[in-house]
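Report on the following structure.
Nothing in this text is a laboratory measurement; each read-out follows from the coordinates by a stated rule. Just so it is clear, the structure is predicted and the values come from calculations on it, not from any experiment. When we count neighbours, we look across all protein chains shown, and the Cβ atoms used for this are built from the backbone with ideal geometry, even at glycine.
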Amino acid sequence: MFERAGLRMMRNTIVYTDFNVPRRVLNAWTQNSQDELIAKASVSQDRLFVVSCALQSYEVAFDSMPSLKRIPAGERAKFIVDEDGSYVHWPASDIHVDLDAIRAAIDPEVRARAEAAKALHDRRYGAAIAKLRIATGLKQSQIKGLSERQVRRIEKGEGTTYEALRRLAAAHRLSLDEYLRKLAANVSNAALERAIA
């Protein structure tokens, strides 16, 4: 609000009633993570206001982010900022939002970089899913609860869901945790192979 009012003297001032705010800011600067962590957040009408530990202000409309849009209007002010400032959390809706998500919602360039990173992540995990399936001797059509087309799309890197991962793990006769560990190892090994090549 100070910034909107053009009060430049107040630009680097944080008004707080929560003793955790200065602790968050000091800890973030000590860890050199002031640009990634949230100092404080507030809600006014249909907007979320966030101040990073680097004292950068962000303003985002609830309707501009799909996750925030799902929070009922009466619950929007009922949030907590994580102890270290990693995210803002709405417990009733179980929604977490970090600074990267907020930046992606308000800055098209940041959003494009985030989407590119997600696409790369999905392709790498899709390749790891295919590699593990082939090594186990499973066919795409042998994953109970998923069609061959769904498996093919996942392996191409079009993303997956928790339920699909659970079904893939069951088809490999692994717990979800074990399956995810094997996928992560495959992704790490592939990254190492690319770095060596």
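Please report Rg over Rh for segment 109-196, where both radii come from the alpha carbon positions and Rh follows the Kirkwood definition. List each step's numbers first, then the result.
Values: Rg = 13.3 Å, Rh = 13.4 Å.
In segment 109-196, Rg relative to Rh is 0.99.
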Relative contact order as a percentage, segment 109-196, C-alpha pairs under 8 Å and 6+ apart, gives 32 percent
Please compute the modelled spin-label separation between ARG47 and HIS96, points set 7 Å along Cα→Cβ, answer in nm with one decimal. 2.8 nm
Taking a temperature of 10 °C and a viscosity of 1.306 mPa s, what whole-number D in µm²/s does Stokes-Einstein yield for segment 93-149 with Rh from Kirkwood over alpha carbon pairs? 113 µm²/s
What's log10 of I(q)/I(0) for the chain at q = 0.12, 0.14, 0.15, 0.16 Å⁻¹, Debye sum over Cα points only, no solvent? -0.78, -0.94, -1.00, -1.06
Protection-proxy order for peptides 132-142, 166-176, each taking the mean of Cβ atoms within 10 Å per residue, highest first: 166-176, 132-142
Pairs from LYS69/LYS144; LYS78/LYS118; LYS69/LYS118; LYS69/LYS182 whose Cα-Cα separation, in the structure shown, is over 27 Å: LYS69/LYS144; LYS78/LYS118; LYS69/LYS182
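Per residue, what volume in Å³ does the Cα convex hull of segment 8-106 take up?
Numbers: hull volume 9.9 nm³, N = 99.
Given the Cα convex hull of segment 8-106, per-residue volume reads 100 Å³.
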